Each structure stands twice: as structure tokens, then as C-alpha cells.
Amino acid sequence: MHITKCLTICVLIASTAPAWADGGGVTALLPKMEKECSSCHIAFRPNFLPRSSWKQVMASLDKHYGTDASLSDADNAEITTWLDKTSQEVGDAPPNNRITESFWFKRKHGTNHVKAEVWSRASVKSRANCQACHVNADKGDFNEHNIKIPR
């Protein structure tokens, strides 16, 4: 029974974990979310975090990773509702709801794939700067064939 449960969970994670990171299906963003989030960073796809994380992120926009990213109640409700419908509850929420701390991000961006010194380059700045290497990240294209690691 335990092995069956583990296999089921592995299949579920493999089938729903960031396929988009490999250029798989891309969910079109809610235009309001894209506009609001893109004013500071790329608008991350709903499947980059589990539903529970998105709920926490949207409930704490007044202290959004050190910045006040508050929205009107109506805009917050619209985006939260859309995220609730389009995100999934797969896996554990990463620490502090940080995409860069998620299992799939670490698997794809670990030292076997990205050298530690890349993250400190002025052209990259941080693990959260997807656009630095994923040139079409803003369009939801994270296909590894479209990566250009800057100098």
C-alpha cells in the first residue's frame, strides 16, 4: 500500500509539476494579474506555486517580500479567485512561499545545472530574475532550449 501511494504521488507530481519549465503547456495569464505583477517583476505562472501559497501571497501584498504591493479590494479578489481556479494544490508550499525555494526550482536550477557564480552576476542578480536567462519568461516560455545565460 505504501509503495502504491508513493508511486501515485510521484506520478501526480511529475504530471503536474512545472511542465511549463520545460516549455510544456502555458496558461494564459489573467490580464489584470499580468499588468499588476509585471510592474515590478515578471508575472509568475499560477502553477509555479501551490494554491495554498498563492492564497498567502495574495493575503499579504502589503508586505510582499519587503515591498507594499497592495491592490484594491476588487483587483485583489479578482486575481485571487483566478489563481484559486488555475493553480493546483500539488506538493508542499515552499519556505516563505518563494518559488526559488520550491523542490522543482531547486531540481532544475541546482549546481548540476546552474553554477553558483551565475546567480551573483550583475546581469542575473538573483534566482528570482527568470528573465535574465529565460529570454521568453514573460510569455511563459521556460523551455530549456531557449535559455541564454548572460555573462
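One line per residue, one yes/no per condition, for (1) of a type in the set (Phe, Trp, Tyr); (2) loosely packed, with under 12 Cβ neighbours inside 10 Å; (3) in contact with a His (Cβ under 7 Å, 6 or more places away or on another chain); (4) in a loop (DSSP other than H, G, I, E, B):
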| position | (1), (2), (3), (4) |
| --- | --- |
| LYS106 | no, no, no, no |
| ASN112 | no, yes, no, yes |
| GLU117 | no, yes, no, no |
| SER123 | no, yes, no, yes |
| SER126 | no, yes, no, yes |
| GLN131 | no, no, no, no |
| ASP138 | no, no, no, no |
| HIS145 | no, yes, no, no |
| ILE149 | no, no, no, yes |
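Of the residues that sit in segment 79-102 and are on the phi < 0 side of the Ramachandran plot and either touching a residue at least 60 places away in the same chain (Cβ under 8 Å) or touching a strand residue (DSSP E or B) at 6+ places or on another chain (Cβ under 7 Å) (or both), which one is surrounded by the most Cβ atoms within 10 Å (Cβ to Cβ)? Working first, answer last.
Taking segment 79-102 and keeping what is on the phi < 0 side of the Ramachandran plot, we get 79-90, 92-95, 98-102.
Now narrow it down to the ones that are either touching a residue at least 60 places away in the same chain (Cβ under 8 Å) or touching a strand residue (DSSP E or B) at 6+ places or on another chain (Cβ under 7 Å) (or both): 88, 90.
Details: GLN88: 13, VAL90: 17.
In this case the residue turns out to be VAL90.
Does ASN76 fit the bill of being in contact with a helix residue (DSSP H, G or I) (Cβ under 7 Å, 6 or more places away or on another chain), without any contact (Cβ under 8 Å) to a residue 24 or more places away in the chain, assigned to a helix (DSSP H, G or I) and within 21 Å of THR27 (Cβ to Cβ)?
Criteria met by ASN76.
Would you pick out the residues in segment 54-68 that are farther than 21 Å from ALA137 by Cα, touching a residue at least 24 places away in the same chain (Cβ under 8 Å) and not basic (Lys, Arg)?
GLN56, MET58, THR67, listed by residue number.
Look at ASP84 and say whether it is among the acidic types (Asp, Glu), under 18 Å from the mean Cα position of the chain (by Cα) and assigned to a helix (DSSP H, G or I).
Considered against the rule, which asks whether it is among the acidic types (Asp, Glu), under 18 Å from the mean Cα position of the chain (by Cα) and assigned to a helix (DSSP H, G or I), ASP84 comes out as yes.
Can you name every residue in segment 38-58 that is in contact with a Pro (Cβ under 8 Å, 6 or more places away or on another chain) and aliphatic (A, V, I, L, M)?
LEU49
Let me spell it out: the conditions are (1) modelled with pLDDT under 90; (2) in contact with a strand residue (DSSP E or B) (Cβ under 9 Å, 6 or more places away or on another chain), and SER70 meets all of them except one. Which number is the exception?
SER70 satisfies all of (1) modelled with pLDDT under 90; (2) in contact with a strand residue (DSSP E or B) (Cβ under 9 Å, 6 or more places away or on another chain) except (1).
Working only within segment 10-55, note down all residues that are modelled with pLDDT under 85 and of a type in the set (Asp, Glu).
ASP22
The values are calculated or read from the model by the stated rules, or taken from the named source; none is laboratory data. Predicted model, so just to flag it, every value in this text is computed and none were measured. Note that each Cβ is placed from the backbone with ideal geometry, even for glycine, and that neighbours are counted across all protein chains shown.
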